[in-house]
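Okay, structure first, notes after.
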Amino acid sequence: MKRAFDPSHLMDITPRPDLVFVRGDASWVWDQKGRRYLDFVQGWAVNTLGHAPACVRDALAQQSALLVTPSPAFHNEPAIALSELLCRHSDFDQVFFTNSGAEANEGAIKLARKWGRLHRGGAYEIITFADAFHGRTLATMSASGKPGWDRMFSPQVDGFPKARLNDLPSVQALIGRQTVAIMLEPVQGESGVQEATPEFLHGLRALCDRHGLLLIFDEVQTGVGRLGRLFGYQHFGVVPDVITLAKGLGGGVPIGALLARRDACVFAHGDQGETFNGNPLMCAVGLAVLHEVLADGFLDRVRTTGEHLGVRLRELSDRCGAGSARGVGLLRALDLGQPLAAAVVAHAREHLALEGTADGAGLLLNAPRPSVLRFMPALTVTPDEVDLMVDGLTAAVSAAGSAV
């Protein structure tokens with residue numbers, strides 16, 4: 001007998017379909033009725049290795065039998081090992097662990113303001129960008145450029161003037177005596193996978209060097225292999241002073257990280273902390289995920305599969321007369337050219353029966369904008385699963401278009 005689920009005691013903070021997920025395996029997830037779905041959302045780019053990977057399960061079991069948390073007032077072995085591994089494979093010297101991307105970005109904001117107090121006469125403004133997304137704390141919402149967020153929980157936190165992505169003069173115009181840093185996502189995810197150009201990022205690096213500012217990359221979505229390199233900045237060939245990580249670092253469990261070069265590490269004792277900062281349970285999982293991503297051939301496969309996904313999306317766009325297919329690695333988007341995205345997502349989830357699946361599986365997609373679909377599969381997704389998704393997407397786009 002299947003259990004009945006009553007979600008009425010959960011705060012109603014987002015529209016959710018009438019299904020409950022109970023099990024997952026790699027690129028697939030099952031609901032309470034036993035229906036299977038091919039998942040190209042993966043918790044918004046969280047499940048680096050897909051659903052329920054063995055290395056995450058084993059790390060949780062083994063570490064939970066040893067030590068869950070001694071409090072951040074003491075060192076623990078997994079946190080030390082994870083910080084060393086992150087720094088060894090990056091251009092950064094020190095790490096502060098958090099529970100989420102929003103907290104990592106909040107930490108980066110604090111670090112920049114402290115650095116401004118010490119090195120720029122109290123400068124505190126951080127130039128951010130229109131359509132950016134940095135999290136849901138009051139400060140990170142203020143740093144974001146998502147339309148409408150300036151009024152949602154007003155008044156905003158002061159000190160985040162907005163420039164335009166890939167428009168260097170718009171950044172230059174905002175630099176003043178109170179400027180301490182420039183902060184951006186190298187690929188804006190929530191705005192529909194809008195990529196910064198390498199020329200723009202190199203220009204930002206030069207601006208920061210010329211004016212004595214910190215350059216901060218929000219890599220919550222682009223880090224840990226998502227773009228085909230371990231970190232997004234490595235794809236673009238521009239080294240920032242600070243980066244933030246989360247999502248893929250935990251492979252499905254909550255962990256974030258703030259990484260900085262030594263001369264930007266200005267926190268003094270008492271400046272920063274969190275109850276669960278660097279707890280060994282989450283850090284053990286982060287270690288397991290990183291070891292998998294750093295294994296020989298893993299990132300090569302991400303780049304190859306990502307290019308295959310890009311080719312198939314461009315083919316679909318040409319065939320259907322849609323807008324641009326864009327993105328890097330396994331962070332991709334398709335602009336449908338008209339506001340059909342929500343209808344496509346609903347049809348793919350509720351009515352689609354993927355061809356070639358004996359059980360008539362559904363498909364999970366994401367619509368960050370009314371006309372845009374975003375694709376964030378597990379980094380272990382196969383080319384065959386990409387093809388299966390594109391075939392299902394083609395049918396869902398056709399059905400949604402016919403219903404208009």
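Where a number appears in this text, it was derived from the coordinates with a stated rule and is not lab data. It should be emphasised that the depicted structure is a prediction, and the values quoted were computed from it without experimental measurement. Virtual Cβ from ideal backbone geometry, glycine too; neighbours counted across all protein chains shown.
A few points about this structure:
- Under 5 Å, built H, 5+ apart or other chain: amide partners of Gly337: Gly323
- Taking each DSSP H run with n ≥ 4 as -39500 (n - 2.57) and averaging over every residue of the chain yields -11000 deg cm²/dmol at 222 nm.
- Within the listed set Gly278, Gly145, Gly176, the Gaussian network model of the chain (springs between alpha-carbon atoms below 10 Å) gives the highest mean-square fluctuation for Gly176.
- In the elastic network of the chain, a GNM with C-alpha springs shorter than 10 Å, the most mobile of Gly228, Gly321, Gly306 is Gly321.
- A Gaussian network model of the chain, with springs between Cα atoms under 10 Å, assigns the largest mean-square fluctuation among Ala322, Ala246, Ala79 to Ala322.
- Nearest-20 debye value, the chain charge dipole, Cβ charges on Lys, Arg, Asp, Glu: 620 debye
- With eigenvalues of the C-alpha gyration tensor scaled by 5 and rooted, the range 54-293, Å: 30, 19, 17
- Counting only alpha carbon atoms, the long axis of helix 77-88 and the longest principal axis of the chain meet at about 80°.
- Inter-part distance where the range 146-184 and the range 118-133 are each reduced to a Cα centre, Å: 7 Å
- Axis angle, to the nearest 10 degrees, between helix 54-64 and the longest C-alpha principal axis of the chain: 50 degrees.
- Computed magnitude of the charge dipole of the range 54-293 (debye, nearest 20; Cβ of K, R +1, Cβ of D, E -1): 380 debye
- Helix axis angle, 341-350 relative to the chain longest principal axis, alpha carbon, degrees: 50 degrees
- As a rough footprinting exposure proxy, the listed residues His235, His351, His211 were ranked by other beta carbons within 10 Å of their own, and the order from fewest upward is His351, His211, His235.
- J(HN,Hα) series, the range 388-401, from Karplus relation 6.51 cos²θ - 1.76 cosθ + 1.60, nearest Hz, glycine and proline x: 4, 5, 5, 4, x, 4, 4, 5, 5, 5, 5, 5, 5, x
- Remark on the chain: Rg and Dmax equal 21.3, 68 Å (Cα only).
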